[in-house]
Structures are given as structure tokens and as C-alpha cells.
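Trainee: Below you will find the structure I want to go over with you.
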């Protein structure tokens, strides 16, 4: 079996195990509880999915951006990255334990849902769900190392894709009951199908800055002059960090105000306006995501460092003086590119919600962000498969 086929087989096998885990129920759940649950996933050992690990990873990355010591540790090499990974796992353990205990406590409060409510059920259910999170972390690492694509993104995408048939079945049932029309369902389907090539177009877009390398001596070899480009991705901020942090910025002040002064009429009105699909929430969240996209891009793309590397490697941008003028030029290019990328991120994140608020589309669970994650994961897998097919890794030309 060649390398590519082996990796594909490992990825498929890992995803099958991932789906099978959702049908392994938590210990202590009664038959009545299993039957009354709307989905087997909610009472399985993988009920928390991989979200605690994702939340921990995002939090650690945010801290590394503002805490120079942690940021330097992340850039210090393999040993530093291993320490960052350990910090992420410790935070994952805390988050998963907190969430799992809350879920288990809610389950045992439902009459007839748990066979023997009490301390033993809380401990076993919490341990099972925490173990499920770490099992998925291990499975994602397995896919990353020995399979195809980024394991975390592949597992997230698999969870999104496997939920689509159930959502489509609900839409068909609503249409059968007359709650929605055939035209509404058709319009919704066409919208999502048309959105896929748009995502591919924007996520593949790059702003290529031309670079000219002069001839230089490297050891005993003389490298000839050559032309190249410095690609700048349209959406350098990605999706997860801006859209994950935005709700924190919006709702944490409201939560703090509620804790300080209690529930008041104006706070109740504020919470009401911040519900998904409400115009105030759409506008405010869009502004926050736009600003966060700029902030995160500024942190991950350092024009001064890029200018230094170009100068060290004998690279110049045509008609731009090396050094500080090059850094200023790159800063302007990145800023202008980020304006388009941030606007695109806002559109893909909130356009479906805005359309639902206006009554144009059906209410659905899958948003633009979910579509973005799935499509970007597929693009990453395609790139990796093509690279392996060209090189014929494993000693065989494919």
C-alpha cells in the first residue's frame, strides 16, 4: 500500500471510530432516558465533542499574543511548542471537567433519566465525558500525523457534515406539515450550493507581492538572480478566533453588569436585543469581528520582521528601498488586503443570520462559519493529496 492510500485509510478509519463513539452511552443512563433523548450524541461519552480542547487552544493562543513570555515560548522551537501543548491540555481538562459536571448534574435532575442519581453517577459520567474529549484530542493528533489534513479541522468538519442529513430531514418534515413551502426549501438549498464556490474563491485568493532576489553566495554555491512573490492571504485572521472571541466581548460585560447590579429592565432589554438574528446583535457582532480580524492579522503578520528576512536573503520589492520603506510598504499592502478579508469574514459569518432575521431563509443550525470550516478543510485535504500524488511519497511515483 503506497503512502497516500495508507493515509487515506487511516483517516477514514479514525472518522468511523469518531462516529461510533457517539453511540456509546454514558454509564447510568436508563433505557427511558436513551429513548427520550432527541439525539444519541447528547448522552454519549463524546457529548462534549472536541469543543473544550478547541476553546483551550484559542484561549492559549490569545494569551500568547498579549503575553510576550508565552509568545516567545511558542516561537522558541519544538521544546517550547511541547510546553504550550501541555498548558493547552491542562486547560482542556479544567474546561471539560467543568462542562461535564454541569451536563451530568442536569441529566440526573430529569426524572427517570438516570438509574441511580448521586455522587457515583456524577463521577462516572463526568470522567466518561472528559475521557471522551481527550480521546478525540488523541484521534485528531493521529489524523494530523498519519492521515490526511489537520485532524482538529477534519473532526470538526465531520461533525458538521454528519448533522446535515438530520437537518435536511427536519426541513422536509416542516415542508410536509405546511410550515414552509417548497420554494423556501429550494431557495435555501440553492443558496448553500452557490455559497460553496464563493468560499473557495475567497479562501484561495492571495495578494502576491513581487520580490526580486539578487545573486548571492551560499556556502560553495552561487544562487542566481530570481523572481518570486510574497503571498498574503486575503483572510489571514482565519475564522475561529475572531468569531469565537466576539461573543466574549459582547456578552461578558452584560454578565458582569448582571452580577454587579442584578437583573434590571435595561439589562433584560439588552439581552433581548443580543439574541441571534436580532439586528442589534448582527450589527454589533459584525463590527467586533471586523476589528478582531484586523487585530489578529497584525499579530500574526509582522511587516518589519518580513522586511528583515527579505533583506537577509537578498530580496527586494521592485521600486521599494530595503529596510523600513519595505516594512511600510508591506504594512500598507497587508492593511488594504485585510480590509477586504475582514469584510469577507463578516459577510460569511453573519449573512446567513441576517437573511434569517429578514425572513429570507429557513432557520437552520448550520451557519456560514460552519460552511467555511468544511470547505477550507476540503481545500487543505485536496492540497495535501495533490502534493503527495506529485511527489509519490513512499518510493512510488503516483
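Trainee: Sort 330, 26, 91 so that the residue with the fewest other Cβ atoms within 10 Å of its own Cβ comes first and the one with the most comes last.
Mentor: Exposure proxy ranking, most exposed first: 91, 330, 26.
Trainee: Most mobile of 186, 89, 379 per a Gaussian network model of the chain (Cα springs, under 10 Å)?
Mentor: Of 186, 89, 379, the Gaussian network model singles out 186 as fluctuating most.
Trainee: Please arrange 68, 233, 311 by how many other C-beta atoms lie within 10 Å of their C-beta, fewest to most.
Mentor: 68, 311, 233
Trainee: How much length is gained on full extension from residue 308 to residue 387, taking 0.36 nm per residue of separation minus their Cα-Cα distance?
Mentor: Full extension from residue 308 to residue 387 adds 25.4 nm.
Trainee: Give me the extension gain from residue 333 to residue 260: residue separation times 0.36 nm, minus the current Cα-Cα distance, reported in nm with one decimal.
Mentor: 21.8 nm
Trainee: Let me ask something else. Test of understanding: ordering 239, 135 by Cβ neighbours within 10 Å, fewest first, what list do you get?
Mentor: With the sparsest Cβ surroundings first, the list reads 135, 239.
Trainee: Against the longest alpha carbon principal axis of the chain, how many degrees, from 0 to 90 and to the nearest 10, is the axis of helix 324-357 turned?
Mentor: 20 degrees
Trainee: For the chain, modelled as a Gaussian network with Cα springs under 10 Å, which listed residue fluctuates most, 150, 183, 235?
Mentor: Per the Cα network of the chain with a 10 Å cutoff, 183 tops the list.
Trainee: In degrees, nearest 10, range 0 to 90: what is the angle between the Cα axis of helix 240-261 and the longest Cα principal axis of the chain?
Mentor: 50 degrees
Trainee: Find the relative contact order for the chain and round it to a whole percent, using C-alpha pairs within less than 8 Å whose residues are 6+ positions apart.
Mentor: 18 percent
Trainee: Now for a separate question. For every helix of n ≥ 4 consecutive DSSP H residues, a contribution of -39,500 (n - 2.57) applies; sum these over the chain, divide by its total residues, and give [θ] at 222 nm rounded to the nearest 500 deg cm²/dmol.
Mentor: Rounded to the nearest 500, the figure is -24000 deg cm²/dmol.
Trainee: Helix 303-312 against the longest principal axis of the chain: what's the angle in degrees, Cα atoms only, rounded to the nearest 10?
Mentor: 40 degrees
Trainee: How far apart, in nm, are two points set 7 Å out from the Cα along the Cα-to-Cβ line at residue 124 and at residue 12?
Mentor: The modelled label-to-label distance comes out at 3.7 nm.
Trainee: While we're looking at this one, here's another question. For the residue pair residue 269 and residue 42, what label-to-label distance in nm results when each label sits 7 Å from Cα along the Cα-to-beta-carbon direction?
Mentor: Taking the two extended label points, one gets 3.4 nm.
Trainee: When the chain is treated as a GNM, springs tying every alpha-carbon pair under 10 Å, which of 351, 201, 139 comes out with the largest mean-square fluctuation?
Mentor: 201
Trainee: Okay, next question. Considering the Cα trace of region 89-200, what is its radius of gyration and what is Dmax, both in angstroms?
Mentor: Using the Cα atoms of region 89-200, the pair Rg, Dmax is 20.0, 52 Å.
Trainee: From the list [x] 20.2; [y] 19.0; [z] 26.4, can you say which value of mean projected area of the Cα convex hull in nm² was derived from the structure given?
Mentor: The calculated read-out lines up with [z].
Trainee: What whole-number distance in Å separates the alpha-carbon centres of region 149-195 and region 247-325?
Mentor: So the separation of the two Cα centres works out to 30 Å.
Trainee: In nanometres, what is the gap between the two model label sites at residue 206 and residue 172, each 7 Å from Cα along Cα-to-Cβ?
Mentor: 4.2 nm
Trainee: For residue 83 and residue 215, calculate 0.36 nm times their separation in residues minus their Cα-Cα distance, and state this gained length in nm to one decimal.
Mentor: Gain on stretching residue 83 to residue 215: 43.5 nm.
Trainee: How would you order 44-55, 160-171 from highest to lowest mean count of nearby Cβ atoms within 10 Å?
Mentor: 44-55, 160-171
Every number in this text was worked out from the coordinates using simple rules, so none of it is lab data. What you are looking at is a predicted structure, and each value in this text was computed from that prediction instead of being measured. Note that we place each Cβ from the backbone using ideal geometry, even for glycine, and neighbour counts take in every protein chain shown.
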